[in-house]
Amino acid sequence: MTDRIHSLPSRLIFISLSLLLLCAPLAPARSDQQHWIRVNSSHFSVVTDADEIKGHDVVARFEQMRLVFGQLLARTRINMSEPIDIIALRTDDEYSKFVPNRQGPAIAMGFFIPGSDRDYFVLNLSKEESWRAVSRDFALVFLNYNYPPTQPWFDEGFAEYFSSLRFDNKQAQIGADPESFTELLNSTPWLSIPDLFATHHDASQESSRHTLFYAQSWIVMHYLLTQDKLSETGTYFDLIQNQKVPVEEAIQKAYGMSSAQFTQVVQDHFHSLGQPSKPPEKGKQPLAAGSQTLEVTPSDQIGSSNQDLPEAEGQSLVAEMSVRLAEHREQAIQQLESITAQPKMDNVVARRALAWTHMEKKEFDRAVEELSKAGDLNPKDPWLHYYLALARYHLAQTGQATGGLPNMMQDLRQVLDWDPEFAQARAMLAMAQLEGGGVHAAMDSMRVALTLSPRNQTYLLNMAQIYMAGKSWEAATALLERLKSSPDPQVAKSAGEQLAGLPMLKKYGTLAQPQQTASASSPSSSSSSSPSSPPASGHSTTAPSAATPSATSKKPADSQPKTETQSPEPDEVTVARADQPPTPAQPDKRAIQFLKGKLVSVDCSQAPSAILTVSAAAKVLKLRTPDYKSLTLIGADDFSCDWKGRTVAVNYRAGGKADGDLVSIEVQ
């Protein structure tokens, strides 16, 4: 009995060792083995093969960059009108497999891929502060969706200023020389301000940004931002772009000084940056010359959540990015096909990525086949529904059966439930609604798209088509007149052709058959991308545009359902017999004028009529609308009698020197 008792500890030790050996396979994997996770914050998501801490650091930096962007432009609401995907790779070896063939030292840390459906930021986490390599592109992306159209010097100068961003615990420092511009500005004669403001350039063709144009754009923006001159700059762009005022005169009116004086003020500002700064406060880092500090939420106070990803899905997400680079596309396709060939590895990401490559080659039927298989794997995937809608649209263009408009609109609504700010999905929904005869629904959807993407000229062209379909002739005419001088030659050409065809449309209810224009097949994002966005490698997948044959261009204007048709205009003629046309009422021949300014007040005391008081410089106008409920409205869902102090752009017909009749209003 005693021997049995003494043997118990030995048995317990043996059993414990056996259990440890059995549990050994459950121990963490080796550090060199890839393990994919997704880390989500309030506005960003990163896919990474690094650990949770590094994943959190990435999304936290992007959240902080977003905060700084909003502070610089005094924006309380910041649009993210196109989904952003961030991929952060743990090792330099893994990163080197996907890096594009571009020049420049920053490419070793990270790169940016723009697209018509989403934007990619790819980071090399083996490098310290790799986010800095894409901070400039980040600024341009957010400018594109949150600031009205500008000129190249503004966008490039702002991006250079933003790229100087550094973070230090609870603060951000910004404004230091980002590209050794100081030496260049000290040693090179400056461009005159009118010459700088009139410069047109193609950033994609430039091997270096160490040029006088970028240096001077940076210091001008440095002056405007630090001296709180953005309001005056908005006035300048209104004078230049909308009122067609010469540069010299616009500078004088906007800034209250001549261009020579403006140049001198900026040069004085530049030389002041070299003066010694105040000693830093105790416990804080000294500021670089020209820097300012901004308060940001500390990284450890920014919330995030983690999600483990299957290895095949992580690899598919990286390959989905890689197919967008021409030099890596074939290898990525082979990897995706290898994954889909194995039932246990097959996943919706791999299938939708292959569908994207088919759409790039205009193989839309094959794309639908891939997406159908993707639907069997995960029918709730939002990208699946977006690409289905896109493929169905293109198949409809060729006359092939696609499941019809209802399915396309249902797909787009699922996408918008996932991301209500996805401007391209909203614009596609608008054109699908128009095709189905829903003029008012299309108008509402396109207004939202324009609010989310204020620089997109194609969306404006689409809106003109919607106005014409709804017989809002004055609004269509005013918009097409503006677009006729668009910087996008395709949009300008299409706007001119549609203006020329308006009289026939109004008289006979149909357009003359237009020549096929390039805007029918170009990506809608081409009209909204910032001047310096690097070109994507093969982003030709297209979405509905205004010049495509649709209900707006081939159906008579009065063939829309009665519930969607507005009252005929005085100068509209319905032709019953060619030899006996009714005599139209005399149209209002007053010229439509454009004005951008501040909405001082709205008087709705005689509703539904309203009088809007608009102030611009020294000019104050009283603009009337007989029914604000039917007023053409851009940038807001509904008219409000409580509006005050809002920036607006109005089209109107002058009555006297200080009054007029409102045609349309855009609230900004």
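Can you name every one of the strands (runs of 3 or more DSSP E) wholly within the range 627-668 that holds 1 or more residues which are open to solvent by 20 Å² or more (accessible area, probe 1.4 Å)?
Per the criteria, 646-654, 659-667.
Using the structure shown, decide if V47 is over 18 Å from the mean Cα position of the chain (by Cα), of a type in the set (A, V, I, L, M, F, W, C), farther than 24 Å from A425 by Cα and modelled with pLDDT of 95 or more.
Against the criterion (over 18 Å from the mean Cα position of the chain (by Cα), of a type in the set (A, V, I, L, M, F, W, C), farther than 24 Å from A425 by Cα and modelled with pLDDT of 95 or more), V47 does not qualify.
Between residues in the range 231-257 that are in a helix (DSSP H, G or I) and residues that are open to solvent by 80 Å² or more (accessible area, probe 1.4 Å), which pairs lie under 7 Å by C-beta distance while being six or more apart or on different chains?
Close Cβ pairs (under 7 Å, with a partner that is open to solvent by 80 Å² or more (accessible area, probe 1.4 Å)) amount to L239/K253; K253/A617.
When residues of the range 61-72 are filtered for being of a type outside the set (F, W, Y) and either in contact with a strand residue (DSSP E or B) (Cβ under 6 Å, 6 or more places away or on another chain) or open to solvent by less than 10 Å² (accessible area, probe 1.4 Å) (or both), how many remain?
Selection size over the range 61-72: 5.
Condition check: over 30 Å from T233 (Cα atoms), at pLDDT 80 or above and among the hydrophobic types (A, V, I, L, M, F, W, C). Does A576 satisfy that?
no
Just the residues that are over 21 Å from the mean Cα position of the chain (by Cα) and open to solvent by less than 10 Å² (accessible area, probe 1.4 Å), please, taken from the range 480-501.
Residues satisfying the conditions are L480, S494, A495.
Restricting to the range 101-130, what's the tally of residues that are over 20 Å from the mean Cα position of the chain (by Cα) and not β-branched (V, I, T)?
17
So for the range 602-614 (the condition being surrounded by fewer than 15 Cβ atoms within 10 Å (Cβ to Cβ) and in a strand (DSSP E or B)), does at least one residue qualify?
Scanning the range 602-614, I find at least one residue that is surrounded by fewer than 15 Cβ atoms within 10 Å (Cβ to Cβ) and in a strand (DSSP E or B), so the answer is yes.
Here's the yes/no breakdown for (1) open to solvent by 10 Å² or more (accessible area, probe 1.4 Å); (2) charged (D, E, K, R); (3) in contact (Cβ under 8 Å) with a residue 40 or more places away in the chain; (4) under 16 Å from D419 (Cβ atoms):
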residue	(1), (2), (3), (4)
H35	yes, no, yes, no
V39	no, no, yes, no
G55	no, no, yes, no
V59	no, no, yes, no
T76	yes, no, no, no
I86	no, no, yes, yes
P114	yes, no, yes, no
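Please specify each residue of the range 96-153 satisfying the condition of being closer than 30 Å to F197 by Cβ and aromatic (F, W, Y).
F112, F138, F142, Y145, Y147, W153
Please list, ordered by residue number, the helices (runs of 4 or more DSSP H) wholly in the range 348-452 having 2 or more residues that are surrounded by fewer than 22 Cβ atoms within 10 Å (Cβ to Cβ).
348-360, 364-377, 382-397, 404-418, 439-452
Please go through the range 475-488 and give me each residue that is touching a helix residue (DSSP H, G or I) at 6+ places or on another chain (Cβ under 8 Å), assigned to a helix (DSSP H, G or I) and of a type outside the set (S, T, N, Q), ordered by number.
A475, A476, L479, L480, E481, R482, L483
The values are calculated or read from the model by the stated rules, or taken from the named source; none is laboratory data. Since we're looking at a predicted model, the values are computed, not measured. All Cβ positions, glycine included, derive from the backbone under ideal geometry; neighbour counts span all protein chains shown. For the accessible areas, the whole protein counts, side chains as well, though only heavy atoms, and no ligand, DNA or RNA atoms are used. Shrake-Rupley method; radii C 1.70, N 1.55, O 1.52, S 1.80 Å.
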